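Scroll down for the structure; my scribbles are underneath it.
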Amino acid sequence: MFNPLSNQDLARLHAKFVVPIVVDHMLHDEEQLDEVAEHAMNEILFDLCPDTALLCIAMCARHVARATDHLLISKSLEAQATQIIEEYGPLWLMHEANPASMDGESIRELLCFIPEDLEALRDLLEATMSELEEDHCVAAILCDILSLQADHHRDMAELELDHLNIPAQSRELVEQAKSYGDNVVAFPVIQRGARQLRP
């Protein structure tokens, strides 16, 4: 749908958002994470639109994942963050360069997954935080900040999608629906406490 991100594109995104750069510096003890910095991060992230917040949080989360790569959960966090960056990064850059040139249908298809992607990030950040042995280490504090912001923006994304009359969707269910085809009815089945589909 969109061209893959180059290293130059990633550098542009970091420069635009700033917060991922600060997070990387904090993880490498190049900047201090104190109450003032924590408050500033929360304010900056809180004021972003949900789609921009998703991309920014994903970029921050990937730095956290790479700094905590001794944890098994961090591999999942990095994979999820990378997927989001690769999907939403080109869209953000294209919008910045020339909003009028964008494919409206492609944008709508991607926007409907924002709440789910924010929720996935939140869950992985919380899991990473719980795996860290030092409750007050920099990585754990950053996971806490980022997960709270992801949760907030998930709610905001759902409200915005409702306003635009775009239903929030699940990637898994969309893929399952495609595999079933138009002539097959999928019946819900309860499994392990979650509602899933089977042919």
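The values are calculated or read from the model by the stated rules, or taken from the named source; none is laboratory data. Keep in mind that what you see is a predicted model, and the values were worked out from it rather than measured. Neighbour counts run over all protein chains shown; Cβ positions are idealised from the backbone, glycine included.
When you go through 119, 131 one by one, which is the residue that is more than 24 Å from residue 43 (Cα to Cα), at pLDDT 90 or above and surrounded by fewer than 22 Cβ atoms within 10 Å (Cβ to Cβ)? Don't jump to the end; show me each part of the working.
Numbers: 119 fails: more than 24 Å from residue 43 (Cα to Cα).
131 is the lone residue from the list that is more than 24 Å from residue 43 (Cα to Cα), at pLDDT 90 or above and surrounded by fewer than 22 Cβ atoms within 10 Å (Cβ to Cβ).
Table: residues versus (1) closer than 29 Å to residue 159 by Cβ; (2) at pLDDT 95 or above; (3) of a type in the set (Ser, Thr, Tyr).
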{"site": "9", "(1), (2), (3)": "no, no, no"}
{"site": "16", "(1), (2), (3)": "yes, no, no"}
{"site": "57", "(1), (2), (3)": "yes, yes, no"}
{"site": "69", "(1), (2), (3)": "no, no, no"}
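Restricting to the range 67-76, name every residue that is in contact with an Asp or Glu (Cβ under 9 Å, 6 or more places away or on another chain) and surrounded by fewer than 21 Cβ atoms within 10 Å (Cβ to Cβ). Steps first, answer last, please.
Filtering the range 67-76 for residues in contact with an Asp or Glu (Cβ under 9 Å, 6 or more places away or on another chain) gives 67-69, 71-75.
Once the filter is applied, which keeps residues that are in contact with an Asp or Glu (Cβ under 9 Å, 6 or more places away or on another chain) and surrounded by fewer than 21 Cβ atoms within 10 Å (Cβ to Cβ), the range 67-76 yields 67, 69, 71, 72, 73, 75.
Any residue at all in the range 33-46 that is in contact with a Leu (Cβ under 8 Å, 6 or more places away or on another chain), over 19 Å from residue 140 (Cα atoms) and touching a residue at least 24 places away in the same chain (Cβ under 8 Å)? No, because not a single residue in the range 33-46 is in contact with a Leu (Cβ under 8 Å, 6 or more places away or on another chain), over 19 Å from residue 140 (Cα atoms) and touching a residue at least 24 places away in the same chain (Cβ under 8 Å).
Do we find that residue 23 is farther than 20 Å from residue 147 by Cβ, assigned to a helix (DSSP H, G or I) and modelled with pLDDT of 95 or more in this structure? It is false that residue 23 is farther than 20 Å from residue 147 by Cβ, assigned to a helix (DSSP H, G or I) and modelled with pLDDT of 95 or more.
From the set of residues in the range 105-156 that are polar (S, T, N, Q) and farther than 21 Å from residue 52 by Cβ, which is nearest to the chain's Cα centre (by Cα)? This residue is 128.
Taking the criterion of being assigned to a loop (DSSP other than H, G, I, E, B) and surrounded by fewer than 20 Cβ atoms within 10 Å (Cβ to Cβ), the residues of the range 33-66 that qualify are 34, 47, 48, 49. What's the total number of residues in the range 1-20 that are part of a loop (DSSP other than H, G, I, E, B), more than 23 Å from residue 111 (Cβ to Cβ) and either in contact (Cβ under 8 Å) with a residue 40 or more places away in the chain or hydrophobic (A, V, I, L, M, F, W, C) (or both)? Matching residues across the range 1-20 total 1.
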